[in-house]
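Have a look at the structure below before the remarks.
The values are calculated or read from the model by the stated rules, or taken from the named source; none is laboratory data. Since the structure is predicted, the reported quantities are computational estimates derived from the model, not experimental observations. Don't worry about glycine lacking a Cβ; one is built from the backbone with ideal geometry, like all the others, and counts go over all protein chains shown.
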């Protein structure tokens, strides 16, 4: 495989995950395991991982720590996955890293018979980058799972965070919430740093799984307190957490306060000053999550793609845009529980609500536009299929309606192609 061929492979879409540790373990062994020299905050869960990572990175950076952050999926380009203090890795630096990884990936292929997956390649590149730059902390988001996720090659997390658990990727992770929780709990480890597992109050069976895993690994086990939410001030959500008052959060959505609380507990565990906690929470922004991308017409993009996400979206619509009629553009991956997700939108829909369905471009997992429209019609919604997002967005109303794009984070990239001012990463 040529250098350019390997880079193309590394940046291509991988339809089927391979949950295993053998390949990434061999790959990192060839590099001398640079990840063993880094301090990680490892974040798993179903909903909210990206937001927790965003809050954490901003808090740690504001407190003066050089902070790496590894996330997935990317919205527009793979560089977004690997950042230090919020700055994406450059194309030149990423290509140089991929050239390094290619040499050792060939050795892995010779030994195991398979080329490392794209996610394993990105994970290895991230570890090399953070070690080269002597990061003080790395905020590390898992990919699909937990115990067999490529990121779980790390040995000694400083803190383990597990966000809210929901039924998602059940063909890989299990059919019940408890089975999924057991997979996520696989990132909890005995650690030379003492070990601390932080989660939030949720289903009793889920918390029991986490508590047992934490006890087995001699981790402190922390469940976040309830936040005290203030009335919305028209710009920021404001809340209190424990003895920290009037915390302003730029991200929309009251559900984000529980993600912020997870980040705050990490910061308290690391003895970070309150002023950096508050400044980091306020600065944190996560594109594609309840993001207002246009004022006229009023367009809201949200990456909600499962039942919990759609419930949070519906609650946000009721809080920020009460009494507005709504149009939706919607796309889904075909492996999602689409019916359970779209039912969560019933409370904000009226007889005037329209759904325009599209398929995410160049993605073999994407549900077809016509098939999605049929599902929505069967659930009692007004739905029509559109050829692509460009033709769908022409149906949006600029006369006082709220226009919402949701169902898949992958749709953001398609949107950026017709709205070049959407982000600086055009």
Problem - Residues of segment 344-369 that turn out to be part of a helix (DSSP H, G or I) and exposed (fewer than 14 other Cβ atoms within 10 Å of the Cβ), as a count - result: 2
Completion exercise
The residue from 252, 268 that alone is surrounded by 14 or more Cβ atoms within 10 Å (Cβ to Cβ), in the same structural domain as residue 35 (by TED's automatic domain parsing) and in a loop (DSSP other than H, G, I, E, B) is 252
Exercise for the section: Output the number of residues of segment 3-12 satisfying the condition of being assigned to a loop (DSSP other than H, G, I, E, B) and modelled with pLDDT of 70 or more. Expected result: 1
Fill in the blank from the handout: If you go through 277, 326, 299, the only one that is in contact with a strand residue (DSSP E or B) (Cβ under 8 Å, 6 or more places away or on another chain) and either over 22 Å from residue 404 (Cα atoms) or at pLDDT 95 or above (or both) is 277
Practice task
For segment 318-332, name all the residues that are surrounded by fewer than 21 Cβ atoms within 10 Å (Cβ to Cβ) and either under 22 Å from the mean Cα position of the chain (by Cα) or part of a loop (DSSP other than H, G, I, E, B) (or both).
Solution key: 321, 322, 323, 324, 325
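Regarding residue 380, is this residue part of a loop (DSSP other than H, G, I, E, B), modelled with pLDDT of 95 or more and either under 20 Å from the mean Cα position of the chain (by Cα) or farther than 27 Å from residue 46 by Cα (or both)? Give the derivation first.
Working: part of a loop (DSSP other than H, G, I, E, B): yes; modelled with pLDDT of 95 or more: yes; either under 20 Å from the mean Cα position of the chain (by Cα) or farther than 27 Å from residue 46 by Cα (or both): yes.
Spelling it out, residue 380 is indeed part of a loop (DSSP other than H, G, I, E, B), modelled with pLDDT of 95 or more and either under 20 Å from the mean Cα position of the chain (by Cα) or farther than 27 Å from residue 46 by Cα (or both).
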